Amino acid sequence: MGIINEFLAEKGIYILTFTLFAIGVYGLATCHNYIKKLMAMNIMLIALIFFFLVLGQNLNTHGSLFIRKSAPDDYHIEPVTHALMLTSVVVSLGINGVGLALLMSIRKKYGTFDEEKIFSKGI
């Protein structure tokens with residue numbers, strides 16, 4: 001049990017991130033409802049942001065901004081990665097807003113969010 005616990009403690013976060021990304025890809029590939037596709041795209045984006053935030057944690061290095069004697073010397077979090085991912089969150093909110101506005105106009109024109117029904121009616 002010790003080896004499994006060590007593996008999950010070190011690599012489990014990457015497994016979770018990959019699983020979330022795979023769920024998003026699966027949702028984009030198999031769902032025929034545009035709302036569900038937008039939700040799957042959001043899951044993929046969350047997984048990507050999570051992955052970069054995890055990569056921003058540097059082990060066995062000295063902190064670039066704050067080095068205190070009370071803080072451990074073998075761990076710090078890179079602030080640039082967090083700033084970039086904060087920007088990514090803001091951009092994703094804009095993408096969601098535009099996507100929902102487009103979906104509302106699709107609903108008004110075709111009366112459905114189903115991809116197959118929309119393509120059968122003709123674009």
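The values are calculated or read from the model by the stated rules, or taken from the named source; none is laboratory data. Please read all numbers here as calculations on a predicted model, not as lab measurements. Cβ sites come from the backbone with ideal geometry, for glycine too, and all protein chains shown count toward neighbours. Side chains included, ligands, DNA and RNA excluded: accessible areas come from the protein's heavy atoms. Shrake-Rupley method; radii C 1.70, N 1.55, O 1.52, S 1.80 Å.
Quick notes on this one:
- Pick from the range 13-24, criterion surrounded by 15 or more Cβ atoms within 10 Å (Cβ to Cβ) and within 12 Å of the chain's Cα centre (by Cα), ranking: nearest to H82 (Cα to Cα): T17
- Matching residues in the range 60-109 - criterion: being part of a loop (DSSP other than H, G, I, E, B), small (G, A, S) and either modelled with pLDDT of 90 or more or surrounded by fewer than 11 Cβ atoms within 10 Å (Cβ to Cβ) (or both): S70
- If only residues of the range 34-59 that are outside any helix (DSSP H, G or I) and open to solvent by 50 Å² or more (accessible area, probe 1.4 Å) are counted, the one that is modelled with the lowest pLDDT is L59.
- In the range 110-123, of all residues being in a helix (DSSP H, G or I) and over 13 Å from Y34 (Cα atoms), the one that is modelled with the lowest pLDDT corresponds to K121.
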